[in-house]
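Taken together, the values in this text are just the output of simple stated rules run on the coordinates, not laboratory data. Please read these numbers as outputs of a predicted model, since none were measured by experiment. Cβ placement follows ideal geometry from the backbone for every residue including glycine, while neighbour counts extend to all protein chains displayed.
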Amino acid sequence: MQVQAIDQEPTLNDILAIDSEELAERMLEPATMRAIYEDTEEIIGRSRTPDSLYSLVHNAIKTMGEVWGNLAEDSEPSACRKGCSMCCHQSVMVTAPEVLLTVKLLRDNLADAEIDQLQARVADRAKEIEGRTTNQRMDSRIACAFLVDDICSIYPARPLQCRGGYSEDVEYCRSLFDDRETTQQGVADGSVDGRYMLIPKMLYDSAQVGMAGALKAEGLSADPLEFTAAMAVALADPNITEKWLQGWPVFDGARLVRQASANGDQYITEADAAV
């Protein structure tokens with residue numbers, strides 16, 4: 001079966017031209033995308049330096065944190081708790097600046113020997129998930145490389161999609177983790193009530209798409225990447241940020257790809273941690 005690279009993230013104008021029904025289906029919110037798109041465009045327009053890349057991700061994190069913080073009071077309470085890690089066994093889509101910020105924070109806080117150990121572990125995990133769909137990864141219990149004793153070891157630097165992942169019911173997460181096919185089928189036919197919280201997911205996903213759209217408009221790569229695979233590449237190269245800014249295709253091996261199947265499109269990784 002032929003594997004095709006997934007389409008580039010749409011630009012903001014493309015997204016805003018989508019009718020409301022399709023926009024809702026994609027779980028994207030126009031005002032959020034516009035705000036992050038414009039912020040990203042302004043930051044990148046001022047300078048194209050590593051610090052500017054880190055700033056645009058910090059801006060998205062801060063802005064969405066404030067928006068979701070205001071809305072959370074009127075939403076159902078989250079069941080997510082430290083040590084609950086069932087959702088940390090799936091692929092996470094990221095943009096390059098998110099990866100580069102995470103690597104910077106790790107290098108700022110870890111000794112060289114620790115970075116070397118972490119790089120080896122992440123590279124092994126990247127090879128382990130290569131070619132797997134997120135469903136296959138969950139079924140095989142392949143956790144995020146940064147999950148340590150069921151706790152996220154990079155929580156302050158976690159990607160946008162992780163920040164938007166909340167559940168109202170831990171038992172729903174457990175049923176999805178223990179018997180994914182039955183639970184997913186139940187959600188599809190209406191016999192099971194999906195309990196993931198939609199508002200934070202929509203906000204953080206929309207922020208990510210808005211950021212990617214601005215990067216693309218500014219001539220920078222907006223390829224969707226798999227987090228573990230991209231981190232394996234980035235940890236192996238101390239000059240990764242400068243290379244990416246110069247247009248080097250440093251993350252080609254970490255792109256998510258789309259594979260057509262009888263059950264609809266699935267997204268898989270083509271991890272290549274060798275740099």
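Quick look at the numbers
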{"item": "Region 109-181 - convex hull of the alpha-carbon atoms, volume per residue in Å³", "result": "116"}
{"item": "Among 150, 139, 108: highest mean-square fluctuation, GNM of the chain, C-alpha pairs under 10 Å", "result": "108"}
{"item": "Alpha carbon Rg of region 143-202, scaled by the compact-globule rule 2.2 N^0.38 Å", "result": "1.28"}
{"item": "Among 73, 29, 168, residue whose mean-square fluctuation peaks in a GNM of the chain (springs only between Cα atoms under 10 Å)", "result": "73"}
{"item": "Relative contact order computed over the chain (Cα-Cα under 8 Å; 6+ residues apart), in percent", "result": "33"}
{"item": "Given the chain, longest segment not containing exposed loop trypsin sites (Lys or Arg not before Pro) (DSSP; at most 11 other Cβ within 10 Å)", "result": "142-275"}
{"item": "Region 4-269: Lys pairs at Cα distance under 27 angstrom, eight or more positions apart or on different chains", "result": "14"}
{"item": "Theoretical ellipticity at 222 nm over the chain - DSSP helices of four or more residues, -39500 (n - 2.57) apiece, nearest 500", "result": "-16500 deg cm²/dmol"}
{"item": "√(5λ) per eigenvalue of the Cα gyration tensor, region 171-212, largest first, Å", "result": "26, 10, 9"}
{"item": "Highest-MSF residue in the chain out of 251, 227, 177 [GNM, Cα springs under 10 Å]", "result": "177"}
{"item": "Dimensionless Rg/Rh of region 4-269 - Kirkwood Rh, Rg from C-alpha atoms", "result": "0.94"}
{"item": "Farthest toward positive dipole pole in the chain [+1 Lys/Arg, -1 Asp/Glu at C-beta], among 148, 232, 111", "result": "111"}
{"item": "Full-extension gain in nm, residue 66 to residue 127, via 0.36 nm per residue minus C-alpha separation", "result": "18.3 nm"}
{"item": "Nearest-0.05 FRET efficiency for residue 113 and residue 201, computed from C-beta distance (R0 51 Å)", "result": "0.85"}
{"item": "Net lengthening on full extension, residue 189/residue 84 (0.36 nm per residue, minus Cα-Cα)", "result": "35.1 nm"}
{"item": "Computed lengthening from residue 178 to residue 150, 0.36 nm per intervening residue step minus Cα-Cα distance", "result": "8.5 nm"}
